[in-house]
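The values are calculated or read from the model by the stated rules, or taken from the named source; none is laboratory data. Everything numeric in this text was worked out from a predicted model, so none of it was measured. Neighbour counts run over all protein chains shown; Cβ positions are idealised from the backbone, glycine included.
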Amino acid sequence: MKYALSVTDLTCSYYGQPILQDLSLAVERGEIVCLLGASGCGKTTLLKAIAGLLPLTQGTMAINERTIVDHQLCLPPEQRNIGMIFQDYALFPHLTVAENIAFGLRHWDKSRVVAKIKQMLALVHLTELDDRYPHQLSGGQQQRVAIARALANEPDLILLDEPFSNIDTQVRHSLIRDIRQIFKDQGVTAIFVTHSREEAFAFADKMAVMNNGVIEQFGTATELYYQPSSRFVAEFLGVGSYLPATVTASQQLDTPFGELALAAQQKLAATTNVDWLLRPQHLTVTPQDEGLAVIIEQQFMGDNCRYIVEFEGHKLVINSNLLLDVGERVTVSVTPHQPVIFASV
């Protein structure tokens with residue numbers, strides 16, 4: 001397969017301390033990929049390494065099959081045909097919207113520049129604001145100008161560093177939706193950094209969850225959320241509960257809710273003790289005076305309630321549309337799903 005970006009065995013160090021360790025990543029053309037992780041996990045370091053802003057200890061990189069880094073070559077940033085969009089927009093305050101968009105087009109002829117400005121303004125829905133200055137725009141409008149400026153140069157790859165962190169919550173979701181549609185309409189390949197799983201879920205086609213300089217898991221949001229490869233990925237991407245379970249001789253999972261079939265690839269020795277991951281969506285709760293579980297916490301979420309339920313000495317997190325009281329007895333049931341298990345701790 002021909003990849004828009006191919007990173008192989010990348011290692012990057014600061015003062016002899018590795019920040020990225022033998023990291024590999026392949027991004028298909030037209031994909032939006034999120035580097036997701038907590039502060040200090042290496043996601044911004046990886047973004048800067050791709051841009052050519054940091055030296056590498058080892059590894060290779062190629063953009064559209066053109067090598068930009070190997071053991072003999074390291075192209076400078078200006079030769080990589082990459083666009084960058086920063087969280088503070090990095091617009092030139094003394095230039096108008098149109099002039100900011102045209103900044104990187106100085107080697108083009110005038111008629112082509114004018115046509116490109118017009119095209120970009122229409123693309124980001126700022127046609128009437130071409131003569132405004134950045135301080136006259138909202139945060140969302142400034143980010144649209146930054147997007148237009150990056151796209152105007154027709155890059156092979158766009159890198160975005162926390163692009164939505166300075167946007168008001170009220171407009172963030174609509175801006176994410178609009179910019180994603182712009183990228184999809186233009187066939188843009190993009191990599192963006194965030195620590196927000198909500199932004200990642202809304203904006204990305206695939207996510208690379210990073211931890212301590214490595215990619216723990218790479219895939220779609222649903223793959224990572226419902227089939228996490230590690231406890232770290234499972235817990236970083238959302239709330240869950242664990243129940244003890246045991247693998248039987250017939251490769252079934254013996255749980256407090258009965259036996260469940262394990263996936264074919266989950267071959268484990270009989271009597272192996274494991275922890276069974278349950279997302280709030282996997283559980284349903286029903287009020288019943290003789291129920292074996294009890295509501296011990298309630299949190300109103302707007303469109304539903306989140307409950308902490310004590311069940312056989314374990315605490316389960318359950319989302320429900322029912323309005324239940326703390327102390328109320330309930331029954332708990334499990335919706336059919338492919339069980340995710342981890343070694344007991």
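Scanning segment 265-305 for residues that are assigned to a loop (DSSP other than H, G, I, E, B) and in contact with a Gly (Cβ under 8 Å, 6 or more places away or on another chain) turns up just one, ARG279.
Based on what the data block shows, is ASP289 in contact (Cβ under 8 Å) with a residue 40 or more places away in the chain and over 17 Å from TYR226 (Cα atoms)? When the stated conditions are applied, ASP289 passes them. Filtering segment 198-216 to residues that are in contact (Cβ under 8 Å) with a residue 60 or more places away in the chain and among the acidic types (Asp, Glu) leaves GLU199, ASP205. Among the residues making up segment 22-78, those that are out of contact with any Lys or Arg (no Cβ under 6 Å at 6 or more places or on another chain), farther than 20 Å from GLY187 by Cα and in a strand (DSSP E or B) are ASP22, LEU23, SER24, LEU36, GLN58, GLY59, THR60, MET61, THR67, VAL69, CYS74. A single entry from GLN181, GLN186 fulfils the requirement of being in contact (Cβ under 8 Å) with a residue 60 or more places away in the chain and either farther than 20 Å from LYS48 by Cα or surrounded by fewer than 22 Cβ atoms within 10 Å (Cβ to Cβ) (or both): GLN186. Considering only residues that are more than 14 Å from ARG279 (Cα to Cα) and surrounded by 15 or more Cβ atoms within 10 Å (Cβ to Cβ), which ones fall in segment 311-321? Selection gives PHE311 alone.
The set of residues in segment 1-36 being of a type in the set (S, T, N, Q), more than 12 Å from MET210 (Cβ to Cβ) and either surrounded by 15 or more Cβ atoms within 10 Å (Cβ to Cβ) or modelled with pLDDT of 95 or more (or both) consists of SER6, THR8, THR11, SER13, SER24. Mind checking whether some residue in segment 213-232 is more than 28 Å from ARG306 (Cα to Cα), in the same structural domain as GLU28 (by TED's automatic domain parsing), among the β-branched types (Val, Ile, Thr) and assigned to a strand (DSSP E or B)? Checking segment 213-232: at least one residue is more than 28 Å from ARG306 (Cα to Cα), in the same structural domain as GLU28 (by TED's automatic domain parsing), among the β-branched types (Val, Ile, Thr) and assigned to a strand (DSSP E or B).
Count of segment 263-311 residues, restricted to those that are of a type in the set (D, E, K, R), farther than 19 Å from ALA234 by Cβ and touching a strand residue (DSSP E or B) at 6+ places or on another chain (Cβ under 8 Å), is 4.
Can we say GLY327 is among the small types (Gly, Ala, Ser), in contact (Cβ under 8 Å) with a residue 12 or more places away in the chain, surrounded by fewer than 13 Cβ atoms within 10 Å (Cβ to Cβ) and out of contact with any Phe, Trp or Tyr (no Cβ under 8 Å at 6 or more places or on another chain)?
Working: among the small types (Gly, Ala, Ser): yes; in contact (Cβ under 8 Å) with a residue 12 or more places away in the chain: yes; surrounded by fewer than 13 Cβ atoms within 10 Å (Cβ to Cβ): yes; out of contact with any Phe, Trp or Tyr (no Cβ under 8 Å at 6 or more places or on another chain): yes.
In short, yes.
Being more than 26 Å from GLN87 (Cα to Cα), without any contact (Cβ under 8 Å) to a residue 24 or more places away in the chain and acidic (Asp, Glu) is the requirement here; does GLU223 meet it? So GLU223 passes the test.
Residue-level analysis places LYS118 among those that are farther than 27 Å from GLY16 by Cα and among the charged types (D, E, K, R). Do you know which residues across segment 234-281 are among the small types (Gly, Ala, Ser) and surrounded by fewer than 18 Cβ atoms within 10 Å (Cβ to Cβ)? Those that are among the small types (Gly, Ala, Ser) and surrounded by fewer than 18 Cβ atoms within 10 Å (Cβ to Cβ): GLY238, ALA249, SER250, GLY258, ALA261, ALA263, ALA264, ALA269, ALA270.
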